[in-house]
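The values are calculated or read from the model by the stated rules, or taken from the named source; none is laboratory data. Note that the structure is a prediction, hence the values are computed from the model and not measured. No Cβ is skipped: glycine too gets one built from the backbone with ideal geometry, and neighbour counts run over all protein chains shown. SASA here: full protein model, heavy atoms, side chains in, ligands and nucleic acids out. Shrake-Rupley method; radii C 1.70, N 1.55, O 1.52, S 1.80 Å.
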Amino acid sequence: MINPWSVRHVIVTGDTYLDSRVVPKGAGFKSSQPGIYEILFHEERKVVMSSNKMEIDDMKSFIEAAHGNVVIGGLGLGIIIKELSEKPSVNSITVIEIDADVIDLIQDRFKKSNKVSIIQGDMRTFDFKNLKNTPDSVYIDIWDNANKDSYVDRLSVLDYWRQCCNDCHAW
């Protein structure tokens, strides 16, 4: 079976970018500085994550506050994981990713980090008892878009994780 996921690069020049078939309007590149950005691309779902300024800004407050043992729901490009792994106040990072193909594509970025472990699983149903460490901070980013259905799901997943951690955040 062919992996439907790939990491692609987008060249941003001012307010425009080169391949509008890959990066639809609203993908967050309009406010990005000129440069080369990564996108996590799925053949059917298109752009799922990018390394643009909007994505980074969405994570900043969590990255600054996170400490101890951290659980991340959704691997994406691993941007938040890279940032957290460089923080001395973060002891461990457990990533729970539902899609084995995303894990296969991205996990090598963290093979040298002693802090990071990646588990295939669903944040909606993952059994907290299977964690090595009780989480001090949880960040959940398992949705492609912000619509009514994903908002309801976000609240449900946040409530679920608040059973084991008071410091839970979602994209």
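Between D108 and K46, the distance separating the two model label sites (each 7 Å from Cα on the Cα→Cβ line) works out to 2.9 nm. Accessible surface of the chain, 1.4 Å probe: 50 percent of it comes from carbon and sulfur atoms. Taking trypsin sites (Lys or Arg not before Pro) as exposed when their DSSP state is a loop state and no more than 10 other Cβ atoms lie within 10 Å, the longest site-free interval of the chain runs over 26-110. Extension gain, Q120 to D57, is 20.0 nm, computed as 0.36 nm per intervening residue step minus the present C-alpha separation.
The GluC sites (Glu not before Pro) found in the stretch 60-157 that occupy coil by DSSP, while having at most 12 further C-beta atoms within 10 Å, are E86.
Probing with 1.4 Å while keeping every protein chain in the model, the per residue accessible area of the chain equals 56 Å².
Sequence-ordered 3J(HN,Hα) estimates for the stretch 41-58 from the Karplus curve with 6.51, -1.76 and 1.60 and θ = phi - 60° stand at 10, 10, 3, 9, 8, 6, 6, 9, 7, 9, 9, 7, 4, 4, 5, 4, 4, 4 Hz, glycine and proline given as x.
Could you point to the label whose value was computed as P(r) over Cα pairs in 10 Å bins from 0, in percent for the structure here, given (1) 8, 30, 31, 23, 6, 1, 0; (2) 10, 37, 37, 15, 1; (3) 8, 21, 19, 15, 10, 9, 9, 4, 2, 2, 0? It is the one labelled (2). Rounded to the nearest whole Hz, the Karplus-based 3J(HN,Hα) values (6.51 cos²θ - 1.76 cosθ + 1.60, θ = phi - 60°) of the stretch 114-130 follow the sequence 6, 7, 9, 10, 10, 10, 7, x, 10, 4, 5, 10, 4, 7, 4, 5, 7, with x at glycine and proline. When only the Cβ of Lys, Arg, Asp and Glu is charged (+1, +1, -1, -1), the dipole of the chain relative to its Cα centre reaches about 240 debye. Given R0 = 25 Å, the distance between the Cβ atoms of D144 and C164 translates into a calculated FRET efficiency of 0.45.
For the set S85, S32, solvent exposure ranked by accessible area (probe 1.4 Å, protein chains only) runs largest to smallest as S85, S32.
Here the Karplus curve 6.51 cos²θ - 1.76 cosθ + 1.60, taken at θ = phi - 60°, turns the phi angles of the stretch 132-137 into couplings of 5, 10, 5, x, 8, 8 Hz, with x standing for Gly and Pro.
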